[in-house]
Amino acid sequence: AIVQELIVTTIKQDPYTMSKGSQLEGYCMDLLTELAKKLGFKYKVHLVKDGAYGRQDESGNWNGMIGEVVRGEADLAVAPLTLTAAREKAVGMTKPYMQTGISILLRKDNVSEEAGFFDFLSPFSGETWFGVLIAYFVTAVCICIVGRLSPCEWSQPETEPNHFTLLHSLWYAAGALSLQGAGPHPKAVSGRVISCTWWLFAVVLLACYFSSLSSSQGPDSAPLMIKGFEDLANQDVIEYGTLAGSSTLAFFKNSNNPSYRRIYEHMERRKSFVSSMDEGVQRAKEGNYAFIGESVSLDLAVARHCELVRAHEVIGMRGYSIVTPLGSPMLKNLSVAILQLSEAGELAYLRTKWWASSCIPDSAKGSSLRAHSMKGIFLVLAIGLGIGVLLSLFELTSKSRSTAGEQKKSCCAVLTQELSQRLRMTNTKGDQETSDKNKA
């Protein structure tokens with residue numbers, strides 16, 4: 001086991017290493033604590049003197065944290081240091097404790113997702129559409145019932161055809177929903193109450209739909225679609241750049257991919273580099289600038305700055321490693337300890353802890369109206385349907401009472417006769433229509 005006190009160099013970068021009073025905290029500090037527990041060593045942390053990660057100059061000398069380890073000024077470098085071939089030649093690097101890649105950070109208004117086939121359904125949530133469908137069928141059934149119960153709609157069941165069959169009721173409700181209308185219209189008060197309630201429901205529903213649809217579409221001018229590096233290379237509207245002297249810049253410089261080469265040549269020509277991660281994030285927040293960087297660092301920026309978004313495409317996968325002197329006996333032990341922490345889920349826990357987002361879900365995606373936000377109009381429809389059906393029963397009862405007085409019979413007997421007659425005629429006409437269709 002390692003027992004000596006190790007000198008550890010690091011660099012301030014949120015959330016890897018941050019100041020908290022006179023102490024340092026962050027992902028790398030937690031990782032260092034866990035490694036010290038496993039391997040039994042003590043350590044002393046200091047910030048890198050020149051504030052650099054580690055870059056080799058033309059004479060072969062290294063600066064930053066890599067330089068301090070090479071010169072023996074530090075035993076370990078614990079920071080988001082990318083594992084590269086050039087660094088591997090100069091120092092020892094452990095198994096990666098975090099996988100990352102290269103991606104793009106932009107403002108949300110500079111990114112547009114490809115329109116889907118069913119985006120027209122986005123103004124309402126799924127439960128709202130289901131509620132509208134149920135309301136449509138229930139309304140049609142109520143119109144059909146009222147058309148059969150109300151004497152004003154069907155006064156002579158034996159000789160008079162009933163206009164409000166279930167099929168016509170469905171057609172009538174659909175016509176009202178599209179503001180086109182479909183006759184004939186109800187003559188009875190009960191039918192008109194249901195129709196007026198359904199019309200009111202349809203008007204409010206369509207108003208909410210078009211209002212939500214227009215707000216979700218955003219500005220009239222369609223935003224630029226940048227989904228990846230190919231799109232970035234093929235446009236010249238948005239400026240883009242990366243961290244000067246970083247491994248990300250080296251990736252584009254050494255790449256043989258034509259698109260990546262164009263990106264590098266553009267950055268060199270326009271000198272669109274930034275001197276720090278914070279500067280890159282700030283320029284992306286200001287708009288009209290795309291910052292190219294490590295995907296995990298960009299994920300943190302998205303978690304902290306809700307107006308930013310990271311492109312889905314990630315290229316050049318690589319890992320962050322801990323740096324030791326070349327040939328150090330600590331290298332193997334550190335790599336094994338990192339793998340053990342990964343297998344135990346500790347690294348995933350630290351990632352969740354330090355990359356927690358406080359952003360509210362995207363309002364464009366969260367703007368779908370839910371059923372509970374429209375419960376008022378659904379309640380009005382339900383009340384209207386109930387009143388309509390009750391009025392039709394009242395109309396039928398009133399006619400039965402009048403007929404009972406004329407025929408000097410019991411009102412209940414006449415009402416029962418009326419109901420059975422209307423039900424019988426409905427079944428008879430249905431059977432007759434089926435027979436006519438079969439003959440045809």
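The values are calculated or read from the model by the stated rules, or taken from the named source; none is laboratory data. Note that this is a predicted model, so its numbers are computed, not measured. All Cβ positions, even for glycine, are placed from backbone atoms using ideal geometry, and neighbour counts span all protein chains on display. Protein only, heavy atoms only, side chains kept; ligands, DNA and RNA dropped before computing areas. Shrake-Rupley method; radii C 1.70, N 1.55, O 1.52, S 1.80 Å.
Please list 355, 198 from largest to smallest accessible area, probe radius 1.4 Å, with all protein chains kept in place. Show your work: numbers first, answer last.
Details: 355 25, 198 0 Å².
In descending accessible area the options line up as 355, 198.
Multiplying the residue separation of residue 303 and residue 47 by 0.36 nm and subtracting their alpha-carbon distance yields 89.6 nm. Here the Kirkwood formula puts the hydrodynamic radius of region 119-217 at 14.5 Å, using every distinct Cα pair.
Full extension of the chain between residue 85 and residue 127 gives 9.7 nm of extra length, using 0.36 nm per residue less the Cα-Cα distance. Taking the dipole about the Cα centre of region 235-332, with the C-beta of Lys and Arg at +1 and of Asp and Glu at -1, give me whichever of 284, 238, 312 is farthest to the positive side. Of 284, 238, 312, it is 312. Cα-based values for region 260-325, radius of gyration first and Dmax second, are 13.5, 42 Å. Annotation for region 259-353: GluC sites (Glu not before Pro) lying in DSSP loop with at most 14 further Cβ atoms inside 10 Å of their Cβ are 307. The listed residues 243, 83 rank as 83, 243 when sorted by accessible area, largest first, using a 1.4 Å probe.
Find the all-direction average of the projected area of the Cα convex hull for region 1-138, expressing the result in square nanometres with one decimal place.
On the way: hull surface 64.5 nm².
Quarter of the Cα hull surface area: 16.1 nm².
Note on residue 137 and residue 256: the extension gain reaches 36.7 nm, defined as 0.36 nm multiplied by sequence separation minus the Cα-Cα distance. Solvent-accessible area of residue 42, all protein chains in place: 140 Å² (probe radius 1.4 Å, heavy atoms, ligands and nucleic acids excluded). Spin-label model, residue 227/residue 390: points 7 Å from Cα along the beta carbon direction are separated by 5.5 nm. Here r is the Cβ-Cβ distance between residue 244 and residue 214 and R0 is 56 Å; the resulting FRET efficiency, rounded to 0.05, is 0.80. Of the GluC sites (Glu not before Pro) found in region 65-152, those that fall in a DSSP loop while having at most 10 other beta-carbon atoms within 10 Å are 114.
Would you please give the FRET efficiency between residue 279 and residue 348, computed as 1/(1 + (r/R0)^6) with r the Cβ-Cβ distance and R0 = 25 Å, to the nearest 0.05? Don't jump to the answer; show the numbers that get you there.
On the way: r = 30 Å, r/R0 = 1.20.
Calculated transfer efficiency: 0.25.
Taking amide hydrogens as placed 1.01 Å from N in the peptide plane, the amide H of residue 98 sits under 5 Å from those of 320, each at least 5 positions away in sequence or on another chain. Pairs from the list 187/399; 95/332; 49/285; 227/253; 227/353; 12/49 with a Cα-Cα gap above 19 Å: 49/285; 227/253; 227/353.
How high is the FRET efficiency between residue 356 and residue 200 when r is their beta carbon distance and R₀ equals 45 Å, given to the nearest 0.05? Write out the running numbers ahead of the final one.
Working: r = 46 Å, r/R0 = 1.02.
Working from the Cβ atoms, E equals 0.45.
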